[in-house]
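First comes the structure, then the notes that go with it.
No value in this document is a laboratory result; all are computed from the given coordinates. Quick caveat: nothing in here was measured; it's all calculated off a predicted structure. Heads up, the Cβs are rebuilt from the backbone with ideal geometry, glycines too, and the neighbour counts pull from every protein chain shown.
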Amino acid sequence: MRTRTYLTSVLLVSALLLAVLWLTQIGTVEVKARCGCENPYVVQRGDTLYSIARRFGTTVPTLVRLNGIYNPHRIYAGQVLCLPVRAAPVPIPAPTPAPPKVALEVTYIFTATAEETEWPLSQTEEVGKRVVYPLAGIDAFQTLTDTADLLAAINDDDLPVLWVSGTGGATPDYVLVSVGEGEFLSTLRISDTSVITPFVPSPTGLRCPREPIEIIADLKMTAIDLTLWLESAGGVRYPFPIAEIAHADDVEQIERCFHTGAVFALLPPVPAEGDGYRAVMVLSHRIDGPPGGGWSAKCGSWRGGGGFYRWLRAWYGCP
């Protein structure tokens, strides 16, 4: 008997709640129809325009304007106010990450004569300059497995603008070779004045000249440090410290003089595809890097490695 009474009570309460919800919905529709407002609100006892504005994310002046209220301090229970219809939020597009890039960073020191030691510039310890070459996306970065493949990837119809090879010394430093007409490295000059004559003469016969980076000088500023950086879209960087610079006019000179230990080439933009540069880098088949498109299989083996592997993971977007 007690169970039946309990069930009867539950049914009665449920029916009452449904009736209240139905009446509320009907009442809202009627209020909308009566006031011609898309978003009406019936003022409750104790409401003020300020409390209503805060509750619904609007302002008192907006409510006054929408409802033609003469005295904002006088509203009454049962009064129907029109609230502003909230516009659908405009989706904020996800920020587009910066493309990966190649950057040259040079540090200069002022070389003062005895008479110039009192100049303010001579008191400056170092002056730096950075030149950036954005790549045309991650697909513009090609990886190869050895130097022979790197040489095969270039030709005189699509000359690189920069070529990086090993110095052959005991330290892991590199030779930076500018390629083609003029001097591509003139952008490193402090004065921003381009030069046509290369800093280092092109190879002739059996001569393959190359010079220390100090030959890059401008306005009595002498270069003391030069680094080529590979930078991922997230800003993780990997350096090629440059000890010497050289120049080559064509692929034949590159192959004859600068093929040993060649690791990197920066190619110019393709006019029909935008202004992003292209890059080719030598990476081995082993843990050192991804041959071609097989990089995803390497992500796990790069985990926990040093700076080079951290850069590889960032460059290829490893999870």
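List of remarks:
- Peptides 139-149, 273-283 ranked from most to least packed give 273-283, 139-149, packing being the mean of other C-beta atoms within 10 angstrom over each peptide's residues.
- Trp229/Leu206 FRET efficiency (R0 35 Å; Cβ-Cβ; nearest 0.05): 0.55
- Backbone N under 20 Å from the Cys299 label point (7 Å along Cα→Cβ), restricted to segment 141-180: 141-143
- Theoretical gain in end-to-end length, Asp249 to Val64 [0.36 nm per residue, Cα-Cα removed]: 59.0 nm
- The stretch between Ile138 and Arg45, if pulled fully straight at 0.36 nm per residue, gains 27.2 nm over its current Cα-Cα span.
- Panel order for Trp315, Trp163, by other beta carbons found within 10 Å of each beta carbon, from fewest to most: Trp315, Trp163.
- Under the combined filter of DSSP loop state and at most 13 neighbouring Cβ atoms within 10 Å, segment 167-233 retains these GluC sites (Glu not before Pro): Glu181.
- The stretch between Ala148 and His73 holds 18.5 nm of extra length on full extension. This uses 0.36 nm per residue minus the Cα-Cα distance.
- Largest to smallest principal axis extent of the C-alpha atoms in segment 101-282, angstrom: 53, 43, 34
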